[in-house]
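Everything on this sheet refers to the single structure shown next.
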Amino acid sequence: HIVVESTGISEPHPVAQAFSAPIASLGADAAKHEALAAATSGLNSLQDAAHLHSLVTVVDCATFLEHIHSLEDLSALGMGSAPNDERPLAFLLMEQVQFANLLLLNKTDLVSRAERGRIARFLALLNPSATVVETQHSRIDVPALLATRQYDEAHFSSMPAWAEELAKAP
């Protein structure tokens with residue numbers, strides 16, 4: 001198994017799409033191009049060698065509701081995917097939830113049962129098909145997670161138009 005842990009501010013859908021994207025050359029550097037060609041001989045995409053089993057988003061219960069209401073833009077927070085990324089932080093958080101098939105509700109011990117319930121209901125609205133697991137210190141049965149192939153890119157390709165537009169909103 002290979003576990004890819006992207007930064008807490010990453011956009012999950014492009015990370016997932018990397019598995020099905022055609023393998024491209026590394027540009028003008030001939031040595032790198034030859035090395036890539038030799039290493040990927042016979043492969044059309046990364047998916048020919050490795051399968052994406054799960055796309056996991058960790059939801060910090062202690063800060064989630066505060067951040068989901070934030071109108072601060074990603075550029076001002078130093079978290080943008082481009083220099084002028086002015087999307088609100090809330091949009092990125094919602095995208096991370098929408099494209100995951102497993103949501104870890106972490107730090108559940110730091111919030112009340114009522115607040116945990118509000119967060120769970122909001123997550124269910126954003127992504128009703130995701131499995132939600134409550135955790136403390138992100139503890140999860142890793143062998144069970146790695147043994148189960150849950151991610152289905154086709155499911156996310158058929159997301160409602162409003163969800164795609166929300167994820168792309170400036």
Does residue 87 meet the test of being surrounded by fewer than 16 Cβ atoms within 10 Å (Cβ to Cβ) and touching a Ser or Thr at 6+ places or on another chain (Cβ under 9 Å)? no
Matching residues, the stretch 54-71, being open to solvent by 60 Å² or more (accessible area, probe 1.4 Å) and either assigned to a loop (DSSP other than H, G, I, E, B) or free of Cβ contacts under 8 Å to residues at least 40 places away in the same chain (or both): 66, 67, 69, 71
How many residues, within the stretch 72-83, are open to solvent by 80 Å² or more (accessible area, probe 1.4 Å) and under 16 Å from residue 11 (Cα atoms)? 2
State the number of residues belonging to the stretch 22-53 that are touching a Leu at 6+ places or on another chain (Cβ under 9 Å), surrounded by fewer than 14 Cβ atoms within 10 Å (Cβ to Cβ) and in contact (Cβ under 8 Å) with a residue 12 or more places away in the chain. 1
How many residues does the stretch 87-111 contain that are assigned to a strand (DSSP E or B) and within 17 Å of residue 141 (Cα to Cα)? 5
Looking at the stretch 118-145 only, could you name the residues that are open to solvent by 40 Å² or more (accessible area, probe 1.4 Å), under 15 Å from residue 98 (Cβ atoms) and of a type outside the set (A, V, I, L, M, F, W, C)? 128, 129, 131
In the stretch 22-44, residue nearest to residue 4 (Cα to Cα) [restricted to those that are at pLDDT below 75 and either among the polar types (S, T, N, Q) or not in a helix (DSSP H, G or I) (or both)]: 23
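The values are calculated or read from the model by the stated rules, or taken from the named source; none is laboratory data. These figures come from a predicted structure and were not determined experimentally. As a convention, Cβ positions derive from the backbone with ideal geometry for all residues, glycine included, and neighbour counts pool all protein chains shown. Accessible surface areas use protein heavy atoms only, side chains included; no ligands, DNA or RNA. Shrake-Rupley method; radii C 1.70, N 1.55, O 1.52, S 1.80 Å.
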